[in-house]
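Have a look at the structure below before the remarks.
The values are calculated or read from the model by the stated rules, or taken from the named source; none is laboratory data. Treat the numbers as computed from the prediction; the structure is a model and nothing was measured. Cβ: placed from backbone, ideal geometry, glycine included. Neighbour counts: every protein chain shown. Areas reflect the complete protein model, heavy atoms only, side chains present, ligands, DNA and RNA absent. Shrake-Rupley method; radii C 1.70, N 1.55, O 1.52, S 1.80 Å.
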Amino acid sequence: MSQDAKTPDKRDRPWLMRTYSGHSSAKASNELYRMNLSKGQTGLSVAFDLPTQTGYDSDHPLARGEVGKVGVPIDHIGDMEALFEQIPLEQMNTSMTINATAPWLLALYVAVAERQGVDPALLQGTTQNDTLKEYLSRGTYIFPPAPSVRLVTDIVAYTVQHIPRWNPTNICSYHLQEAGATPTQELAYALSTAIAILDAVKASGQVDEEDFGNVVGRISFFVNAGIRFVEETCKMRAFNAMWDTLVQERYGVEDPKQRRFRYGVQVNSLGLTESQPENNVQRIVLEMLAVTLSKNARARAIQLPAWNEALGLPRPWDQQWALRMQQVLALETDLLEYGDLFDGSPVIEAKVQELISGAEAEMERVAEQGGMVAAIESGHVKRELVMSHTLRMRAIESGDLKIVGVNCFQQTAESPLTAGGDAGIMKVDVQAERDQIASLQAFRASRDQAAVGRALADLRAAAISGDNIMPSSIAAARVGVTTGEWSEVLREVFGEYRAPTGIDIAMAGQTESPALDAVREQVRQTGQALGRPLRLLIGKPGLDGHSNGAEQIAVKGRDAGFEIVYEGIRLTPAQIARAAQEEGVHLIGLSVLSGSHMELVEDIRAELEKIGASDLPIIIGGIIPESDADQLKAQGVQAVFTPKDVDMNAIMAELVNIIRRDHGLEGFAQAS
C-alpha cells in the first residue's frame, strides 16, 4: 500500500447520502422515506409540492392539478406528523427544499418534534431558505425581496440560538446553473447572495457580535455539478478558497471550523436527456466525481437524480439505483483511503485561479449595482443568466456543444428501461388530490377556531412589528393553522412580487444560421400574408416557476421575428386567456413542467371558450409523458414539445405552419 493510503479502518467517513423525494400524500411519502432509509440512505431530503412551496392550501383554486405532483402536500401539523411517523427526528438529518414558506415548514417540523418528545435543540438538518435565487430560477417566491430577506434572517437568528445544529439557509448555486449560469457566475452569484444574507443578519441586531462566528459556521451551500467534471472540481476548490477568504476578511471569523465551506450537492438535472435516457446513468456518475474526488472540496451530503427525471416522476426502484451509485463509490472503491488527489497540480490550480478571477470580477459588478438584492430587482442577474442559457442553447443547435443521443449519435435501439407498461416512470393518482382536500377540510373543522384566530393575530403582529417570525409561527403550527392561512397573513402584510423575466437581453441576432434565416423569412412572409406581424403568447400557468424553457422560447421567437407576449410565471388560466385576446396573438404557447398539464390545458380552453376565443391554437411544452401528449392532441392541442425537442429552429418553423394552417394558408415544407 502506498505511503499516502489509509488502512481500511482509517478510511474517511462517507458523505451523507440522500434522495430527493416526496409525492402524493404525507402517508405515501412516509412509506417511501422509511423504505429508502432501510436501503442504506443516511438522511432525508424532502420535496414539497408547489402549493406548499408557494403558500396555498390544497383546496385553493390555484392549487388545482398541482397537489402532490412534484412533492408532498403539507397543509398543517397533521400532515407533517404523518410525514415523519416512526422516524425519530432526534436521530435524523432532514433537508427541506423550501424557501418562501421556510419559516412555516420549519415551525411545523419543530412542533412535530415536540409531539415526539424531542428537544428541538437536538434537531439536525437544513432548510434551503434561499429565496433570493427563487427570483432567478425556481420561481417559488411570494413576497418582495426585502421582506424575503427579513424572513431568511429570522430563521438564521432563531436557529443559531435555539436549534444550534440546524443549517438555517442553504445558499443555492444549484438552481443558478440550471438557469444557465456558467461556473464563474455560479460562484459569483452564490457568494454575493451569502454576503446579502450575512450582512442582513448582522444589521438586524438579533445576534450578538461575539456569536456571529456561529452564524457563519452554520451557513451551508447547495451546489450543482455538471458533466465537465474537471472544471466542476476546480469550481468546488474555488468555492472553498473564496469562502474562507470572504468570511475571514469581511466578517473577521478566525476559527477555521467556522470558515469551512460546507455544502451538499445534486448533480446536474439540466443535462439529463429524454432522448436515450439510459445515457443519463453515466452522466450522473461522472458528475458525482466532481464533488467527491477532491477531499478538501468534497461534498458533505449528496443526492443524485434518477436516470429518468427528464421523462417524469421516478419510481422507488429508480431512486434505489441512484442511491446504489453513491454506495458503490463510497464503499467499494478506494477513494476514501487517500488525501486530496489534486493538491499540487499546476493544471488544477491554474483553472481554480481563472475561476476565482472571473467570479471576483462579476461580484464587483454586483456590488456596483448595490449588492445582490438590488441586482435582482434591476434585472441584471436574470438577464445575465438568460444570456448564458441562450448561448448554451445556440451551441447545442449548431452542434458546437455535443450531447450524445440529442444532436449526435441519435440512432438507437429501443431501450428496455422505458418499454414497460409504465413507460419507465411513476404517475400520481388523481385521487390523491381529492383525498388531500377532503382531509384538509376535515382537519379545519376539528380545530379550536378561537385558538387559531389568536395565533394568526399574533403572527400578524410579529410581521408588522419586525419581531422574529419564528416564535409566532411555531405557536401557530401547534394549534393547527394551515399553510395557506400562515401565508395569507404575510401576503397581506408584505405584499406579493413579480420578478423581472430577463428576456429583454441585448444580444445581436444569431448569424451564420441558414436554418434560422429560413424561419425568419417564413415568419416575414406569413405576417405579410395576414396583414400584421406574427404574435406569440408564452404562458406559464399554474404554480410551476421553472421558467428557463419559456424564456428561451421567448428569446428565440423574438430572434425569429415573432412579436412576443411574455408576462412571467404563475399566471391563472383566466389571465392567459384575457392576455391572448387583448394582445391579439396568433398562437398560445404554454410551458408546464410540474405534471399539471392536463388540468391546466382544460382550464385554459374553458377560459378561452368563455370569451369567445376558443379558436386560438394552443401548443404546450414540458415534461409530458407520451400517453398524455396523445390525449392533449386528441383534445385539440396543436403540438406537444418535450425535452427531446432541442432544435428550436425546427420548433419555430412548426409554429409558423400551425399559424398558417389556422388561417387557411398552406404550410411551408420543412427540412428533415
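Just flag the trypsin sites (Lys or Arg not before Pro) in region 340-437 sitting in loop per DSSP whose Cβ has no more than 13 other Cβ atoms within 10 Å. All intermediate terms of the calculation are to be shown ahead of the outcome.
Numbers: sites: 351, 365, 382, 383, 392, 394, 402, 427, 434; in loops: 402, 427.
Sites meeting the loop and neighbour criteria: 402.
Relative to the present Cα-Cα distance, how much length would full extension add between residue 116 and residue 488 at 0.36 nm per residue of separation?
Value of the extension gain: 131.1 nm.
For residue 112, what charge total do you get from the other residues with a beta carbon under 11 Å from its beta carbon, if Lys and Arg give +1 and Asp and Glu give -1? That sum, taken over residues with Cβ under 11 Å, equals -2.
Fully extending the segment from residue 582 to residue 567 would add 4.1 nm, taking 0.36 nm per residue of separation and subtracting the current Cα-Cα distance. Sorted from longest to shortest, the spans of the Cα atoms of region 53-156 along the three principal axes equal 37, 32, 17 Å. Projecting the Cα atoms of 40, 571, 632 onto the charge dipole of the chain (Cβ charges, centred on the Cα centre) puts 40 farthest toward the positive pole. Normalised radius of gyration (Cα atoms, divided by 2.2 N^0.38 Å) for region 355-429: 1.81. Computed across region 430-554, the Kirkwood hydrodynamic radius from all distinct Cα-Cα pairs reaches 19.9 Å. Taken as Cα centroids, region 639-672 and region 267-302 sit 34 Å apart, rounded to the nearest whole angstrom. Considering helices alone, the calculated mean residue ellipticity of the chain at 222 nm is -15500 deg cm²/dmol, with DSSP H runs of length four and up weighted by -39500 (n - 2.57) and normalised per residue.
For residue 611 and residue 449 in the same chain, what is the full-extension length gain: residue separation times 0.36 nm, less their Cα-Cα distance, in nm? Mind dumping the intermediate values first?
Values: separation 162, 0.36 × 162 = 58.32 nm, distance 4.06 nm.
Gain on extension, residue 611 to residue 449, equals 54.3 nm.
Round to the nearest 0.05 the FRET efficiency obtained for residue 402 and residue 532 when R0 = 56 Å and r is the Cβ-Cβ distance. Don't jump to the answer; show the numbers that get you there.
Details: r = 40 Å, r/R0 = 0.72.
Once rounded, the FRET efficiency stands at 0.90.
Roughly how many percent of the accessible protein surface of region 346-397 is carbon and sulfur, given a 1.4 Å probe and a whole-percent answer? Don't skip to the answer; put the middle values down first.
Values: 1240 of 2320 Å².
On region 346-397, the fraction of accessible area on carbon and sulfur atoms equals 54 percent.
With R₀ set to 51 Å, the beta-carbon distance separating residue 415 from residue 209 gives a calculated FRET efficiency near 0.30.
Accessible surface for the chain, divided over its residues, is 39 Å² per residue with a 1.4 Å probe.
Specify whether the C-alpha gyration tensor of region 58-116 places it in the rounded, prolate or oblate class, a ≥ b ≥ c being the square roots of the eigenvalues: rounded for a/c under 1.5, otherwise prolate if a/b is larger than b/c and oblate if not. Prolate, since a/c reaches 1.5 and a/b exceeds b/c. With the charge dipole of the chain set up from +1 on Lys and Arg Cβ and -1 on Asp and Glu Cβ about the Cα centre, the Cα lying farthest toward the positive end among the listed residues 137, 623, 172 is that of 172. Each listed q (0.11 Å⁻¹) maps to a log10 I(q)/I(0) for region 543-622, found by the Debye formula over equal Cα scatterers with no solvent: -0.26. Please tell me which of these pairs span more than 22 angstrom C-alpha to C-alpha: 133/427; 27/133; 69/382; 427/633? Exceeds cut-off: 133/427; 27/133; 69/382.
Can you work out D for region 319-463 in µm² s⁻¹ from Stokes-Einstein, where Rh is the Kirkwood radius over C-alpha pairs, the temperature is 20 °C and the viscosity is 1.002 mPa s? Taking Rh from Cα pairs, D becomes 91 µm²/s.
Using 1/(1 + (r/R0)^6) with R0 = 56 angstrom and r between the beta carbons of residue 661 and residue 357, what's the FRET efficiency to the nearest 0.05?
On the way: r = 53 Å, r/R0 = 0.95.
About 0.60, to the nearest 0.05.
Simple spin-label estimate for residue 244 and residue 427 gives 5.3 nm between the two label positions (7 Å along the Cα-to-Cβ direction from each Cα). Distance between the 7 Å Cα→Cβ label points at residue 349 and residue 85: 5.8 nm. Across all Cα pairs in region 219-270, the calculated P(r) in 10 Å bins from zero up to the longest distance comes to 23, 47, 23, 7 percent per bin. Label residue 365 and residue 504 with points 7 Å out from Cα along Cα→Cβ: what is the distance between them in nm? It is 1.8 nm.
Kirkwood hydrodynamic radius computed over the chain comes to 25.9 Å, based on all pairs of distinct alpha carbons. The amide H of residue 93, built 1.01 Å from its N in the peptide plane, has 44 as neighbours under 5 Å, considering only residues 5 or more places off or on other chains. In terms of overall dimensions, region 193-251 has a Cα radius of gyration and Dmax of 14.0, 43 angstrom. Expressed in Å, the radius of gyration and Dmax of the Cα atoms of region 1-113 are 17.3, 65.
Compute the distance from the alpha-carbon center of region 79-135 to that of region 592-638, in whole Å. One Cα centre to the other: 36 Å.
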